[in-house]
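Have a look at this one.
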């Protein structure tokens, strides 16, 4: 966290008033920092990033036609086109980016809380086709992992802890069967967006 300085112009005040002014200043600073952190959180889909991209799109929609208007009718029409393109890019790109951030974060949370390994590919998505391909593979991989976990988790548990480990492994397998379709959909959402 980084706080702005406090400048006191009227220094001839009571000690109580001085303490109150300082406390109010830093309370406001903490609140604004917390909102800034939450606004850029991927767990929430990075709402600050979404607003930034949408704002740039709206700005481009307003700016490009005005610039074109000063250069003539043809440039004005071209400016409307590029402005609309910027607006659509900002709204759609920002929305898909937020959905991807949210999906990826929720995937990690569910995987961690259920004690499962993160099985996402490190391969970068390069376009719509590769995103859909990785999304479909991700759903299949997650569901297969969940179904196989019904059998492998109890066996692993039995090897580690005998009958108690078998019961724990069975519980992990059941949790995996329930959680993996959800994580598969989240993984696909992250890949596609």
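The values are calculated or read from the model by the stated rules, or taken from the named source; none is laboratory data. In this text, all values refer to a predicted model and were calculated from it rather than measured experimentally. No Cβ is skipped: glycine too gets one built from the backbone with ideal geometry, and neighbour counts run over all protein chains shown.
For the condition part of a helix (DSSP H, G or I) and exposed (fewer than 14 other Cβ atoms within 10 Å of the Cβ), what is the one hit in 158, 151?
151
Do we find a residue being closer than 25 Å to residue 46 by Cβ and more than 19 Å from the chain's Cα centre (by Cα) anywhere in region 88-100?
Residues of region 88-100 that are closer than 25 Å to residue 46 by Cβ, as a first pass: 88-100.
From the residues that got through so far, the ones that are more than 19 Å from the chain's Cα centre (by Cα) too are 88.
Taking every residue of region 88-100 in turn, at least one turns out to be closer than 25 Å to residue 46 by Cβ and more than 19 Å from the chain's Cα centre (by Cα).
Residue check: is residue 119 surrounded by 14 or more Cβ atoms within 10 Å (Cβ to Cβ), under 19 Å from the mean Cα position of the chain (by Cα) and assigned to a loop (DSSP other than H, G, I, E, B)?
yes
Within the group 8, 19, which residue is at pLDDT 80 or above and farther than 30 Å from residue 92 by Cβ?
After ruling out the rest, the residue left standing is 19.
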